Each structure stands twice: as C-alpha cells, then as structure tokens.
Amino acid sequence: MENPQADSFDDPALRSALKRALEPEHAPSALRDRIRAMAASGSAGGQTIPSMHITGVDDAAAVDRPIPNFRRGPLFKFAAAAVLVLGVGMLSYQVWQQFRPPTYNAAYVVAPSLYKGMTLTHDERRDGSATPADTTTDLAAAPAALSQVIKRGVFAAKLTDDGWKFEGGAVRDVGPHTAAQLFFTKGGASISIFSLPASAVPDARDDVTYQTVFSGHPIAGFVHKGGLYCIVGSSPDDSLTVYEVKALLERHRGDIARG
C-alpha cells in the first residue's frame, strides 16, 4: 500500500501552528508591572504590602490615595482627653482613700447612756433627792476636797463671776462612774459641773469641745489629761441654751484644780 505523502516542513501553515504551540506563555503586561512594583516596595520597607482591588476604581489612584487618619479628628481627641481625665481622677481617688485621715464624728463620741446618767444626777440634785447630800457649800474649798476623794482633777469653774449662785457639791455616781458634782442656780435655771474619768469616753480627743442637748438639757464638755469635764444645765422654760452653756465652758475651761 502506498504511504500518504507528508506535507513539507516549509509549509507556512505548519510552521505557524508549531510556533503557536511551542511559544512560552506570558502573563499580561499590566499584571507583570504590578507584581514588579509590589516586590520593589516590599524589599524597600522590609515587608510585603498586600494589594486590594476595588471594582470600578483605578488601581493607580487607589494606591496613591492616603488612608484616613481618624486620630486627627475632634471626636478622637475628645475621647482621649476624657479617658485621660477619668484615669487621673481614679488614681487620685485611690491615693486619697489610702492616705486620708480616719473619719471622726464628735457627735458619737459620748454615749447616750453617759448623757442620761449626767442628766439624772443633775435632776436629782435640782429636786433635792440626790444622795449623798452635799458635803461642802464652800466653793473655794470644794475643788480640793472633792479632788482628794476622786483622785483626779476637779473642774472648779467659778460661775459666781457670771451671776450664778453656788449651792453645794459632793461626789456622786453618774451611771457606773464616780464624779465630783458642783451645783449652781440662777433664777429658775440650774447647772451641774461634773468631773468624770476620761475612760468614760475612750474615743474622745483631748481638748475638743463636745456639745449637745439631751432630754432638754444643754450639755457641753471636754477631755483633758485623764478627766472628762462637763457642764449640764436645765431651765423650766428652756431659756438656758446650749450656746450659753458652751460659752461658760470655754470661759472657764482652764479652771481645773487638784487636791
């Protein structure tokens, strides 16, 4: 059988087909340019920056457009300032809480039971039912005599200089405590000066004045060197005020005598 005749290698159609089949493939020129640019940028900065393609936006314009910097806006600055102020405030409060002095409320230093004991002893002396009866009626001699009994200083306020009359004094019980009592009158008003131990008010501070009105009795007092010294008053028409009692206390607070 006769072999078919082969086409000549010089046939132009054959040569074109071979060229198309054997020629190496190439990426589009635009893609090659972008890859080269990315490689060059990554080498210069030490890192590779990924590229994003946004449909409908020119690639060159997207690369050149700066990223919005929200830190430059007023809202960011306001938020940063608020965080800073809040942080400083919280830190300051913590420091203040750590180093502030302990709270001290003078209103609760003297127990109500002690106020009650003083007012009851005062009322008994005013009504003539106190026991024991007065052991002295001499104001000049009373402080030394009573101090020897209680073994403490006696608040020897000379209220006679303020128009009060000294009626007498004795050592009596004020609740569970032993106290020296000096009793004065002025018209219908009356005053007792008590000298108690400082242990009756263990939380009190020296030389701080405490004042109150308890069951209609104006009271003012202070602690000094182991003693609690108080003036307790009363008047049938409540004309004797706590301000007058405190004024008497302040005027005579240095009059402490020892036997």
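A short reminder: the numbers here are calculations on the coordinates, not readings from a lab. Computed from a predicted model, the values in this text were never measured in an experiment. Here Cβ is always computed from backbone atoms with ideal geometry, including for glycine, and neighbour counts include all displayed protein chains.
Below are the figures for this structure:
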item	result
Charge dipole magnitude, Cβ of K and R +1, D and E -1 - the stretch 169-259, Cα centre, debye nearest 20	240 debye
From phi via Karplus (6.51, -1.76, 1.60), per-residue ³J(HN,Hα) for the stretch 185-200 in Hz, x at Gly/Pro	9, 7, x, x, 8, 9, 9, 10, 10, 9, 10, 10, x, 5, 5, 5
5 angstrom amide H check on ASP255, placed H, neighbours 5+ away	none
Inter-probe distance in nm under a simple model that places probes 7 Å from Cα toward Cβ, at LYS116 and THR185	2.9 nm
Computed magnitude of the charge dipole of the stretch 124-164 (debye, nearest 20; Cβ of K, R +1, Cβ of D, E -1)	240 debye
Among THR212, ALA140, THR241 the positive-end extreme of the charge dipole of the stretch 112-257 (Cβ point charges)	ALA140
Across LYS158/LYS186; LYS151/LYS246; LYS116/LYS246; LYS186/LYS225, pairs whose alpha-carbon gap is larger than 22 Å	LYS151/LYS246; LYS186/LYS225
Low-density loop cleavage sites - trypsin sites (Lys or Arg not before Pro) in the stretch 167-259, where at most 11 other Cβ are within 10 Å (DSSP)	LYS225
Rough spin-label spacing in nm, given labels placed 7 Å along Cα→Cβ, for LYS77 and ARG251	6.6 nm
Residues whose placed amide H lies under 5 Å from that of ALA170, excluding near-sequence neighbours	THR135, GLN181
Amide H contacts under 5 Å for GLY187, placed H, 5+ residues apart	none
Fully extended contour minus Cα-Cα distance, from ASP127 to LYS225, at 0.36 nm per residue	32.0 nm
